[in-house]
Amino acid sequence: MLILTRKIDEAIRLGDDIRIVLVQIKGGQVRLGIECPSHVRVLREELYEAVRQENLNAVSSDPKHLAHLPRQKKPQAKPTE
């Protein structure tokens, strides 16, 4: 882990197009500003972990919970001429 010291209004760059600015220090919290392209997803870690856990839960669902879903027939192979 890289640890840096910054003062208010000082920034950190990640690559060419991500900029993180220390905006405010108040009590035991800091406020960060993040400038990045719109395709870069920025999440607080606790939200990221919650989404990740939900995705893991969805993938590892018990098959018996899916029993109520209708079954699809496999498509029949068409004979070639």
In the range 35-69, residue farthest from residue 7 (Cα to Cα) [restricted to those that are in a loop (DSSP other than H, G, I, E, B) and among the charged types (D, E, K, R)]: 62
Neighbours by Cβ (under 8 Å, 6+ apart or cross-chain): first from the range 6-34, in a loop (DSSP other than H, G, I, E, B); second of a type in the set (Asp, Glu) and exposed (fewer than 11 other Cβ atoms within 10 Å of the Cβ): none
Selection within the range 1-29 - more than 24 Å from residue 41 (Cβ to Cβ) and in contact with a strand residue (DSSP E or B) (Cβ under 9 Å, 6 or more places away or on another chain): 7, 8, 9, 10, 25
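Laboratory data are not the source of any read-out in this text; all were calculated from the coordinates shown. A quick note: this is a predicted structure, and the numbers were derived from the prediction, not measured. As a convention, Cβ positions derive from the backbone with ideal geometry for all residues, glycine included, and neighbour counts pool all protein chains shown.
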